[in-house]
1. How large is ³J(HN,Hα), in whole Hz, for each residue of the range A:86-95 in order, when computed from phi with the Karplus curve 6.51 cos²θ - 1.76 cosθ + 1.60 and θ = phi - 60°, using x for Gly and Pro?
2. How high is the relative contact order of the range B:241-354, in percent, with contacts defined as C-alpha pairs under 8 Å that are six or more residues apart?
3. Report the convex hull volume per residue for the range B:229-294, counting only C-alpha atoms, in Å³.
4. Filter the trypsin sites (Lys or Arg not before Pro) in the range A:1-74 down to the DSSP loop ones having no more than 14 other Cβ atoms within 10 Å, then list what survives.
5. Starting from the amide H of residue B:56, placed 1.01 Å from N in the peptide plane, find each other amide H under 5 Å away whose residue is 5 or more places distant or on another chain.
6. Calculate, for residue B:328 and residue B:59, the FRET efficiency according to 1/(1 + (r/R0)^6) with r their C-beta to C-beta distance and R0 22 Å; round to the nearest 0.05.
7. To make sure I understand the rule: partners must be aspartates and glutamates, Cα under 15 Å from the Cα of residue B:38, and not fewer than 8 residues away in the same chain. Which ones qualify?
8. Have a look at A:2, B:220, B:300 and report the one farthest towards the positive end of the charge dipole of the protein assembly as shown, computed about the Cα centre with Cβ charges (Lys/Arg +1, Asp/Glu -1).
Amino acid sequence: MAERRVCRVEDLPPGEMKIVPGGRWGIGLFNRGGSVYALNNYCPHAGAPVCRGPVTGTTASESSYDSRWVREGDILRCPWHGWEFDISTGQSVAEPVRRVKTYPVKIVEGWIVIEG
Amino acid sequence: MKADSTVDAGVSVVDTAVHPYPRDPDEIREYMRAPLSKLRFPGLDGYFYPPPKDENRADSALDGTAGADPDLARRQLFADTGVDCAILLPVTRGLLPDVDMASELCSATNEWLAARWLAGDDRFYGSIRINPADPTRAIAEMDRWADHPKMVQVAVPLQAHHPYGQRMYRPIWERAAHHGLPVAVHADSLGGNEFWPTSVGYPIYYVEYAAQYPINYVVHLMSLIAEGVFEDIENLVFVFADGGIDMLFPLLWRFDSDWRALRSVTPWVKRQPLTYLRDHVRFCSHRLEGPSDANDYARWIGEIDAEHLLMYSSNYPGVSFQPADAFAAVPPALRQRVLATNALQTYRRLREFD
């Protein structure tokens with residue numbers, strides 16, 4: 001896949017998401033605390049535009065009835081059926097793991113560059 | 001549960017659900033303590049819907065009561081049916097409003113079972129009846145019997161006021177697992193304060209009731225999974241002794257699907273719900289109807305993971321009695337697992353049987 005300049009860094013402030021052209025459904029760029037991630041805008045479950053879902057946290061637990069809120073800002077929740085995905089890897093939180101396709105991202109001369 | 005291919009040598013048929021009955025209530029009363037033994041208590045024929053025809057095999061009766069004669073049961077199971085050993089699961093009185101009476105009836109039933117049935121034949125194994133509405137006494141009753149070499153499981157009613165995953169039951173299941181005793185859930189006779197048989201009202205006919213009532217086990221199973229009981233108690237096993245495995249999978253597919261969307265609400269459920277079955281759940285086989293064609297039947301029980309989850313049970317002396325040759329058309333390796341191996345791996349104490 002060819003590398004492409006898809007967005008100026010200053011056009012994707014921290015905490016923001018932006019859809020850029022790519023693939024059949026577009027690619028979602030996420031700026032999480034200065035790190036940029038690129039996810040295919042297609043949920044592996046039922047084909048929803050997954051990148052349009054809320055960015056949120058999730059819960060962790062040691063034993064029954066123990067629930068702690070963790071990883072605020074790291075989790076993308078699909079807008080259709082609520083599946084949770086780790087933005088940095090595209091992997092579902094629930095097992096068995098399903099994966100949103102991700103693209104390598106580089107910053108070159110103030111541009112966000114992705115392969116794909 | 002750990003797979004162990006060496007345990008089934010020499011045993012060809014284990015019957016995991018046989019129901020012994022007292023000839024009359026006084027046979028149980030004999031083992032009760034005063035003053036409760038002085039009081040009246042319900043008989044064993046209380047049901048939402050009394051069976052309109054015989055509930056039990058007419059040829060199994062002693063003095064008019066089916067399943068009440070150990071000698072006859074021995075002949076009909078071991079000689080006529082080819083069973084090598086049988087797990088006895090006596091019914092009690094369901095949800096009696098008086099929890100002390102309910103617990104006393106459990107204790108007396110255990111005494112009666114040990115004296116009248118287990119002592120008389122090495123091939124009979126037993127179930128410890130406990131009353132889950134009184135966890136303290138249920139635990140004491142388990143502790144009282146846990147070292148008995150013929151008691152292989154704990155038994156509780158299918159009827160309940162709260163699904164079995166809920167937290168008030170947790171100490172009971174922890175204790176059962178501590179003793180290495182699986183927990184069998186089976187529809188009981190009724191004591192008086194059971195809920196409606198369905199949440200949308202009373203069906204008219206017994207045939208409706210008989211077909212749908214056992215499906216309530218799914219409520220217990222989903223509760224056990226959702227409340228993390230199987231996550232927290234590593235070696236706990238539930239045996240659903242009214243069958244129903246063939247009704248399970250479409251409901252668990254739905255449960256799995258919703259769990260993926262709602263996982264964060266119950267983060268203690270670490271695994272896809274369906275994946276808890278092999279480690280924590282078994283089903284008895286009677287009332288496994290399946291397709292009527294023999295080849296379709298053999299394929300069907302492969303698809304419901306009978307290889308790991310299903311254990312043969314006759315349900316003697318019930319009229320839904322299932323002989324072991326019901327599995328004659330099933331491939332031999334799978335048949336062996338259903339008829340013996342799965343039970344021998346579930347009930348460790350059966351391994352001493354030869």
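1. 6, 4, 6, 10, x, 7, 5, 6, 7, 9
2. Over the range B:241-354, the number comes to 25 percent.
3. 96
4. A:24
5. Counting only residues 5 or more places away or on other chains, the set is B:319.
6. My answer for the efficiency is 0.50.
7. Answer for residue B:38, where 15 Å is the Cα cut-off: B:26, B:27, B:30, B:98, B:100, B:104, listed by chain and number.
8. Working it through, the farthest residue towards the positive pole turns out to be A:2.
Every read-out reported here was derived from the displayed coordinates using simple, explicitly stated rules and does not represent laboratory data. Note that the structure is a prediction, hence the values are computed from the model and not measured. Don't worry about glycine lacking a Cβ; one is built from the backbone with ideal geometry, like all the others, and counts go over all protein chains shown.
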